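Each remark here refers to the structure printed beneath this line.
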Amino acid sequence: MRLKNLSEAFMTTAIMTIIIDGEATEVEMKALSNQLASLDVFRKYHGSNIQPLWDKTIKQITKTFRKNNIADISFNKTEIDMLISAIKSVLNMPLRETVYLMALELAYSDGLVEQESYLLEQLRDGC
């Protein structure tokens, strides 16, 4: 998977963190909304303008892993590593720390599960 810009890298991280446990909870979506509002990389997006980026990123992820839709994705370790590599290629070190902190907040927003814990470890160590 190839990411073109910062917003795609952040959105890929957000989507991966939110859906890795098999569901996108209302609490996680609220946490994402709060995160997006506070990050400079998303300043150009206003309200519903973020939806096209969300949809584009999901389409890119499903295409990369040959899935029919986002509900079919349960990231394995290889897929996590691929996505982290793509994220890392776009972000400088301070932004890697920021993306990790965003993922940390999203993962803990509805209670940390094993898959999220692995993802966070990989983001911390890989980014």
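A few points about this structure:
- When residues in the range 31-41 are screened for being in a helix (DSSP H, G or I) and in contact with a Phe, Trp or Tyr (Cβ under 7 Å, 6 or more places away or on another chain), 2 of them pass.
- Considering Val99, Val113, the condition of being of a type outside the set (D, E, K, R), under 23 Å from Met29 (Cα atoms), surrounded by fewer than 16 Cβ atoms within 10 Å (Cβ to Cβ) and touching a residue at least 40 places away in the same chain (Cβ under 8 Å) is satisfied by Val113 alone.
- Figure legend. Inter-residue proximity from the range 66-77: first residues farther than 11 Å from Glu23 by Cα, second residues hydrophobic (A, V, I, L, M, F, W, C) and modelled with pLDDT under 80, beta-carbon distance below 7 Å, spacing 6+ or different chains. Indicated pairs: Lys67/Ile73.
- Looking at Asp40, Asp21, just one residue is closer than 17 Å to Leu91 by Cβ, out of contact with any Leu (no Cβ under 7 Å at 6 or more places or on another chain) and modelled with pLDDT under 90, and that residue is Asp40.
- Scanning the range 99-122 for residues that are under 12 Å from the mean Cα position of the chain (by Cα) and of a type in the set (Val, Ile, Thr) returns a single hit, Val99.
- Selection within the range 1-23 - out of contact with any Ser or Thr (no Cβ under 7 Å at 6 or more places or on another chain) and surrounded by 15 or more Cβ atoms within 10 Å (Cβ to Cβ): Leu6, Ser7, Ala9, Phe10, Thr13, Ala14, Met16, Thr17, Ile18, Ile19, Ile20, Asp21
- Filter pass, Ala86 being out of contact with any Asp or Glu (no Cβ under 6 Å at 6 or more places or on another chain), small (Gly, Ala, Ser), touching a residue at least 40 places away in the same chain (Cβ under 8 Å) and surrounded by 12 or more Cβ atoms within 10 Å (Cβ to Cβ): yes
- Any chance Phe75 is buried (at least 16 other Cβ atoms within 10 Å of the Cβ), under 15 Å from Leu123 (Cβ atoms), modelled with pLDDT under 85 and not aliphatic (A, V, I, L, M): yes
- Options Tyr100, Tyr108; residue that is over 16 Å from Met1 (Cβ atoms) and touching a Lys or Arg at 6+ places or on another chain (Cβ under 6 Å): Tyr100
The values are calculated or read from the model by the stated rules, or taken from the named source; none is laboratory data. The structure displayed is predicted, hence computed values, not measured ones. With ideal geometry, Cβ positions are generated from the backbone for all residues, glycine too; neighbour counts draw on all protein chains shown.
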